[in-house]
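Chemist: My questions all concern the structure below.
Just so it is clear, none of the values below were taken in a lab; they were calculated from the coordinates. Since this is a predicted model, take the numbers as computed values, not measurements. Glycine gets a Cβ as well: all are built from the backbone with ideal geometry, and neighbour counts include every protein chain shown.
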Amino acid sequence: MKMMKWVVILVGLGLLIIVGRSIQVSQGLYDERIESLPKSALALAPIETALTFAKTKNGDVLLVVAMDPNGVVAVNLTEQLDAAGTDTLALYRRVGSEAIRSALDSEVTFIEWEALGLPFEPQSQAVAAGTNFAAHAEEVGLDEGPFLFPKISKPSVWNDSVPQSARLDYEVELCAVPMDDYTIEQPSALGVTLCNDFTDRWDLVRTIDLDGPLGRTGFADGKSGERRLPIGALLVVASDAGRFLEGVKLGLAVNGDLRQRGRGSQMIWKAAKVLQETLAQCDQPYQYQGSSIPLTACGAVKAGTVVMLGTPDGVAFQMPNIWMPWPYLRSGDEVLTYASNLGVLRTRISQ
């Protein structure tokens, strides 16, 4: 009887330790409220060094010259350049940055944010760099360095809802977008947009094989899915994309509580390195829903591929709390994702 009593006591203590640790790691990093959108998110990237594009829901390509909380002031490039039916990326390739810049003297119009859709036509499969911020790698217990994985989610608009799932998590990300097919021999210009990488951590943990190469299992299953990749209404094409990314400040709040904050300069692999590694690993097998899929087509990363560059620390997931639903996103939650010069995502979690 004494032995049984001690067993019960030890099990009880063990459970208390587990619960205590789960609660501890589930506390947010910041005791701060985001009552209003940071001004830098709606500050236009300098026109001298960057072009900011948007696109209306009816398909008109816009060159943004100013923005505020209500909308953007822009030149309608579709009208000015007689480009009906032409996507942003194709228009950029067809006429070039100088011809687009010459349109800055054209008539402008005000367009509300709600009238803006995707800023370009994206590919349906994204490429992502995991643990590309050292602090995030530390918080999730993965110290092998950055790794890649595919995300099978066609990007959705900046204010679309995201369906709830078992352990839904958020990740603010900067995303690079090749304006043309990107090869090692001929790297294309890169656009930059704001993204949120939503993940069902339960699916990820359930399907990952920790004995195999990191990223090859679990991640595609946990991260793919309908509306799990909203992107911003803006696409910034800077003359020096690497330098632009270095200066970007990004953050995320859930129901007004700050959860993540970081800078592009904290990325371990820069955008060019992520693209080079993507091409190097193009033919490696990645598991998704029981089948093997490639990371990307070999030879070139296709124009319009969303290349996700990693997230700062502050995500909901920590291995000790995977059994607890309350640290994760739930129906009705409001997620605010923002970055300097790149605008905002406003995401509601739906049932």
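Chemist: For the stretch 87-101, in order, what is each residue's ³J(HN,Hα) by Karplus, 6.51 cos²θ - 1.76 cosθ + 1.60 with θ = phi - 60°, in whole Hz (x at glycine and Pro)?
Modeler: With the stated coefficients, the stretch 87-101 comes to 6, 3, 5, 5, 5, 4, 5, 6, 10, x, 5, 5, 5, 5, 5 Hz.
Chemist: What are the residues whose amide H is under 5 Å from the amide H of Asn341, where those residues sit 5 or more places off or on another chain and H is modelled from the backbone?
Modeler: So Asn341 has HN proximity to Ala41, Leu42, Ala43.
Chemist: Would you mind getting me the FRET efficiency between Asp181 and Glu144? Use the beta-carbon distance for r and R0 = 35 Å, nearest 0.05.
Modeler: According to the calculation, E is roughly 0.70.
Chemist: Under 1.5 on a/c is rounded, so check that first for the stretch 200-351, then, if it is not, pick prolate when a/b is larger than b/c and oblate when it is not; a ≥ b ≥ c are the square roots of the alpha carbon gyration tensor eigenvalues. Working shown, then result.
Modeler: On the way: a/c = 1.75, a/b = 1.02, b/c = 1.71.
Here the stretch 200-351 falls in the oblate category.
Chemist: Provide the FRET efficiency to the nearest 0.05 for the Thr49-Arg206 pair, computing r from the beta carbons and using R0 = 51 Å.
Modeler: Plugging the Cβ-Cβ distance into 1/(1 + (r/R0)^6) gives 0.65.
Chemist: Right, something else. May I ask you to derive the FRET efficiency for Ala115 and Ala272 from their Cβ-Cβ distance with R0 = 30 Å, giving the value to the nearest 0.05?
Modeler: The computed FRET efficiency comes out at 0.30.
Chemist: Can you show me the helix-derived [θ] at 222 nm for the chain, built from DSSP H runs with n ≥ 4 at -39,500 (n - 2.57) apiece and divided by the number of residues, rounded to the nearest 500.
Modeler: Calculated mean residue ellipticity at 222 nm is -6500 deg cm²/dmol.
Chemist: Now for a different question. For the stretch 321-337, what does the Karplus curve 6.51 cos²θ - 1.76 cosθ + 1.60, with θ = phi - 60°, yield as ³J(HN,Hα) per residue in whole Hz, taken in order and with x for Gly and Pro?
Modeler: 9, 5, 7, 9, x, 5, x, 9, 5, 10, 3, x, 5, 10, 10, 10, 10
Chemist: Need one number: nm distance between label points at Asp240 and Glu79, each 7 Å from Cα along Cα→Cβ, rounded to one decimal.
Modeler: Once both label points are built, they end up 3.6 nm from each other.
Chemist: Another question, if that's okay. Hey, how much of the P(r) for the stretch 298-351 falls beyond 14 Å, as a percent of Cα pairs?
Modeler: Above the 14 Å cut-off, the stretch 298-351 has 73 percent of its Cα pairs.
Chemist: Please grab the % of Cα pairs in the stretch 39-115 that end up more than 21 Å from each other. If you can, show how the numbers build up before the last one.
Modeler: Details: 617 of 2926 pairs.
Result: 21 percent of Cα pairs exceed 21 Å.
Chemist: Moving to a separate point now. For Glu35 and Ser265, compute 0.36 nm times the residue count separating them, minus their Cα-Cα distance, and round to one decimal in nm.
Modeler: Roughly 80.2 nm would be gained on extension.
Chemist: Could you derive backbone 3J(HN,Hα) for the stretch 300-317 from the dihedral phi with the Karplus parameters 6.51, -1.76 and 1.60 (θ = phi - 60°), listing whole Hz in sequence and x where the residue is Gly or Pro?
Modeler: Per-residue couplings from phi come out as 7, 7, 5, 3, x, 6, 7, 10, 8, 9, x, 9, x, 6, x, 5, 5, 5 Hz.
Chemist: Relative contact order of the stretch 256-346: what whole-number percent is it, with Cα pairs under 8 angstrom and at least 6 residues apart?
Modeler: Rounded, it is 26 percent for the stretch 256-346.
Chemist: Rounded to the nearest Å, what's the spacing between the alpha carbon centres of the stretch 94-163 and the stretch 260-317? Just the number, please.
Modeler: Value for the Cα centre distance between the two parts: 12 Å.
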